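Taken together, the values in this text are just the output of simple stated rules run on the coordinates, not laboratory data. Computed from a predicted model, the values in this text were never measured in an experiment. Note that we place each Cβ from the backbone using ideal geometry, even for glycine, and neighbour counts take in every protein chain shown.
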Amino acid sequence: MAHFGVVAPAFYSHFSALAALGLELVKRGHRVTFLQRADARIYLKDPRIGFHALGAGTHPPGSLAASLRRAANPGGPLGLRQVILDMARGTDMLCRELPAALQTLGIDALIADQMEAAGGLVAEAVGLPFVSVACAMPVNREPGIPLAVMPFAYADSEQAEQVVEGSTRVYDWMMRPLGAVIEAQARRLGLSKRSGLHECLSPLAQISQTTEAFDFPRRALPPYFHHVGPLRAPVDPGAAAPTPLPPIAPDRYFVFASMGTLQGHRFGIFKRVAKACRRLDAQLLVAHCGGLDAAQEEALKRAGASWVCAFAPQREALARADAVVSHAGINTVMDAVEARTPILAMPVTFDQPGTAARILHAGIGLRASMRLAGAGTIERQLRRLFGEEQFIERLDAQAAGLARAGGTPRAADIVEAAVRLRRSEDRLARADGGARAPA
């Protein structure tokens, strides 16, 4: 059995998805160890998954909170630059410390999040097989496909392709601090020149939490790219019962609102949604993931929310909801597709604008500006989601594709097959008198 190392950015949603994959591999007899700054250990709830802390000198315990605050509230260009610098410093630390840690731990293969270039760079440098996983929208590039962070719609035209090319140049310019680290570390590790996340992906297998039908029409994905749908851990029958749903009246519309773990503090958005639901006489459950205090919770109830809590059983809530208001995080979106629940996307940052654009492309929801949309706009869009059958029809098709995608078990099959393939290649190379095959 293999010992898998997992390298991912220190965000809860990324750790959660990869932990689900890790637990499936553990169930099959493998060992799994995450490698990140010490503070990220808190994201791992199951003792069967190991954790190895890195970056004691540059990313000491207690330092993650400030990085998360910057990521949740990047603000203007200077704030966004600080977020990018945080990413660059994290990649630099991991590239420097991973090689020794992988040797010490006896890691056989890596599972590398697409959003952390260090996993792919170091695996290639030390000759370990690795699989890339897109926990957010895939970073794979091809002509005419807007980057995951861009809000643009897809169009098959010369003008649209020019927009994609121009926006890509702007993105690469903004990401220069990270690009410079990737380039410098690739050079230090003896690898070919590269400077982008999309140039640090596995040549063996790439896995995405999305489905093919949800993304824009791709024509240039590698044959070893696999859409498997969301990575979720199975429900543990011995675990404590989740927080129950409130008593939802079946004769009134029900809206679920969540902005995810990083954006749960967005009181202003929740308040506008609450006012819109009051106008619609709709029930509203707000789950703020600990981002609001008790006074803000009460203010939301006065504004029109029926229930406000830190955490709710999301998949169960979505199964009951007539619509969901979301930041367009990929986990919430895929859960909504599974539940056939129309989405009102209010994207904030990272890949959320691109995910919202794909929601519109798939016809499974609407988009509103998190800054400009008032209660009236939200009311009108929710009314459309409640009343127009086209959203449910398109969700039915999307949900059918998601059900066939395979999820966590298929992802684990792909990981195991990729590792065996690489080992077979190594044996052939040695039998021929050659060196280890390049990663």
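Tabulated data for the structure shown
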| read-out | value |
| --- | --- |
| Interchain or long-range residues, amide H under 5 Å from residue 226's placed H | 206, 207, 208 |
| The chain: angle of helix 176-188 to the longest principal axis, Cα-based, in degrees nearest 10 | 20 |
| Overall dimensions of the stretch 49-205 by Cα: Rg and Dmax, Å | 16.7, 52 |
| Cβ charges +1 (Lys, Arg) and -1 (Asp, Glu), total dipole of the chain, debye | 700 |
| Relative contact order of the chain, defined on C-alpha pairs under 8 angstrom at six or more residues apart (%) | 16 |
| Nearby aspartates and glutamates by direct alpha-carbon distance to residue 271 (threshold 20 angstrom, same-chain neighbours under 8 apart not counted) | 281, 293, 297, 298, 322, 379 |
| Derived scalar couplings ³J(HN,Hα) [the stretch 132-145; Karplus, 6.51 cos²θ - 1.76 cosθ + 1.60; whole Hz; x for Gly, Pro] | 8, 10, 8, 6, 9, 4, x, 8, 4, 10, 7, x, x, 9 |
| Positive-pole candidate from 104, 6, 58, dipole of the chain, charges at beta carbon | 58 |
| Histogram of C-alpha separations across the chain, 20 Å bin width, % | 25, 58, 16, 1 |
| Degrees between helix 389-405 axis and first principal axis of the chain (Cα, 0 to 90, nearest 10) | 30 |
| Exposure proxy order (Cβ contacts within 10 Å, fewest to most) of 84, 182 | 84, 182 |
| Under 5 Å, built H, 5+ apart or other chain: amide partners of residue 202 | 132 |
| Relative contact order of the stretch 106-151, defined on C-alpha pairs under 8 angstrom at six or more residues apart (%) | 35 |
| Reachable lysines from residue 27, criterion Cα separation under 23 angstrom, eight or more residues apart if same chain | 45 |
| Share of pairwise Cα separations in the stretch 1-55, more than 16 Å, in percent | 31 |
| DSSP bridge pairs, the chain: antiparallel proportion in percent, nearest 5 | 0 |
| For the stretch 266-313 and the stretch 91-140, distance of Cα centres in Å | 40 |
| Within a Gaussian network of the chain (alpha carbon springs, distance under 10 Å), most fluctuating of 365, 62, 79 | 62 |
| Label point at residue 377 placed 7 Å out along Cα→Cβ; residues across the stretch 271-298 whose backbone nitrogen lies under 17 Å | 271-277 |
| Whole-number percent relative contact order across the stretch 254-402, with pairs defined as alpha carbons under 8 Å at least 6 apart | 23 |
| Proxy reagent accessibility, fewest Cβ within 10 Å first, across 414, 364 | 414, 364 |
| Cα-based helix-to-principal-axis angle, 352-362 vs the chain, degrees rounded to 10 | 70 |
| Furthest towards positive pole of dipole, 145, 369, 75, structure part the chain, Cβ charges | 75 |
| Sum of -39500 (n - 2.57) over DSSP H runs of 4+, divided by residues of the chain (222 nm, nearest 500) | -15000 deg cm²/dmol |
| Among 181, 163, 149: highest mean-square fluctuation, GNM of the chain, C-alpha pairs under 10 Å | 163 |
| Extension reserve of the residue 384-residue 309 stretch, reckoned as 0.36 nm per residue once the Cα distance is removed | 24.3 nm |
| Inter-label distance, nm, simple model (7 Å from Cα along the C-beta direction), residue 295/residue 400 | 5.3 |
| Neighbour-count order for 23, 284, fewest beta carbons within 10 angstrom listed first | 23, 284 |
| Along each principal axis, Cα extent of the stretch 254-402, largest first, Å | 42, 29, 29 |
